[in-house]
Structures are given as structure tokens and as C-alpha cells.
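Everything on this sheet refers to the single structure shown next.
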Amino acid sequence: MSDPLSAAMHISSSGLRAQSERLRVVSENLANARSTGKAAGDDPYSRKTITFESEFDRAHQASMVKVKGIGTDKSPYTVEYEPGHPAADEDGYVKMPNVNVLMELADMRETNRSYEANLKVMTQAREMVMRDIALLRD
Amino acid sequence: MEPVFLTKLMSHNNDWLSVRQATIAENIANSNTPGFRSRDVEPFTSVISKTQLAMAATNSGHLGTVMEVAEPTDVKKGESWLVTHSGNSVSVEQELMKAGEVARNHALNTSISKSFHRMYLASLK
């Protein structure tokens, strides 16, 4: 096994990367929460989902985390009555994205929490290394 | 043979703590991975009880007993604080508590070895 403390920092950084990718997806969903189609009856923006998987890293002999894939949410779109809209069908209904802002915000909070936890472990591993180095100093 | 076994014990314990820190990092990084089972290293007491006094060898190539390095093992189902619907059994709070424990013990170890070092230096002056 390579140096466990540097492995710890590498693992945490993989976690940070995964969580920031997740935050990107959340912001994409939030930004497009009202993005409709262009022509009449067109499908609007569909919510994106992100999944993680753990991947064994041979160099560090530990499981890192990586983004498995970004998919789309298959749940049905909501419709709103808005006859003047360019994307409205003949009955005057516009398909709206299946993005639930509250859900995205909750996801954002969770992302934040996980990011913080990863950062905390990384800082702690670094402090441990620094303490070891301080032994040599005096 | 080391005159003071304590320093060796401390460095061994520091090794164990760093393995544990790496395992905690692994758990936290995978805290949102579906199906990931939380892992922990075996307790230090069980690692230390498995090691015996090293036998003297005339050649470094001969078989001897070396201090084992701890290996991460799966946490039992009941010991985990939280199992989510996706089958992930990592509780971030639990992991952070473990990380705090590791940091505390490491600080203790390094400060003890520092004071030993001061004692050695004082005897030289």
C-alpha cells in the first residue's frame, strides 16, 4: 500500500470532484427550470440526474469515487395553460420542465454537505502530515 | 532491540491511524455512491495482539514476523448509523467522528514522541 495519508488526500479530492460535478448538474437544472421548447408541442428541458460509482484505484489501493453517468429524468412534464406562448399546443397548453426547484435546492444542500465533509477529511490528513513534519523541525 | 519500545509502538500506531484516515476518506468520498458499504479498519488492539516479538535473523531474506499493516474490512450492518434506500451505509456524521478520533490520537502520539525526543536531546547536552 502506498502512503495512506496521500491516498486519503487523493480519495478526498476524487470526492470533491464528484460533488462539484453534481453541483454543476444542479445548477443546470435550476437555470433551465422554465426552459420550454421552441415550436408548438415541443418537449421542454428535461431534468438531468447524476449517478456515482466507486472505482478501485490500483495506484493507491483504495476505492475512489467517479461520476458514472449523467442521465435524464423520465418523469412526466407538467403543463401550464398559456395560449400566447410560442410552444403552446392547439389547446393552449405549454409543457414545462420536470424540474422541482425545492428538490434541486435540497440536492444542493446535500452536495454542499458532502463537499464539506470531503474537505474536512482532506484538511485533517494534511494536518497529520504537517504534524509529522513538525517532529523533524525541533 | 530498541531500548524504549514506546517510540516504535507510537510509529506503529501512527501507521494504523493513517490507514484509518484513508479508509474514512474512502467512505466519505463514496457517501453518495449507491450500494457502497462503509468500511473500517480492525481495532488497533487486535492488530497489536497479533504481533509477537520479532525473531532474530542472520539474513534479511529469512522468514521473520513483521508487524502487520491493518487492512480495511466491511462494517457490520448493525454498526452503521444510517443505511439509505440505495444500499449505501455511510453516515457522514459517524465518519467525521471517527476522523476526529484519529486526529486526536495522532496529535497525542506526535506530542509524546516530541517530548521523548526532547528527553533524548536533554541527555546529550
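None of the figures in this text is laboratory data; all of them are computed from the coordinates on show. Just so we're clear, the structure is a prediction, and the values are computed from it rather than from any experiment. Counting neighbours? That spans all protein chains shown, and the Cβs are built from the backbone with ideal geometry, glycine included.
So what's chain A giving for Rg/Rh, alpha carbon basis, Kirkwood Rh from the mean inverse pair distance?
The Rg/Rh ratio comes out at 1.23.
Would you work out which of A:39, A:54, A:70 lies farthest towards the positive end of the dipole of segment A:35-138, given +1 charges on the beta-carbon of Lys and Arg and -1 on that of Asp and Glu, about the Cα centre?
Value: A:54.
Starting from the 7 Å offset along Cα-to-Cβ, what nm value, one decimal, do you get for the label separation of residue A:108 and residue A:6?
3.8 nm
Over the protein assembly as shown, what portion of Cα pair distances is larger than 30 Å, expressed as a whole percent?
Roughly 47 percent, once rounded to a whole number.
What's the angle, to the nearest 10 degrees (0 to 90), between helix A:4-31's Cα axis and the longest principal axis of chain A?
For A:4-31 against chain A, the angle is about 10 degrees.
Pairs A:120/B:98; A:48/A:95; A:68/A:95; A:74/A:95: which are spaced more than 21 Å apart, C-alpha to C-alpha?
A:68/A:95, as the Cα separations exceed 21 Å there.
Just to confirm the number: angle between the C-alpha axis of helix A:101-137 and the first principal axis of chain A, 0 to 90 degrees, nearest 10?
10 degrees
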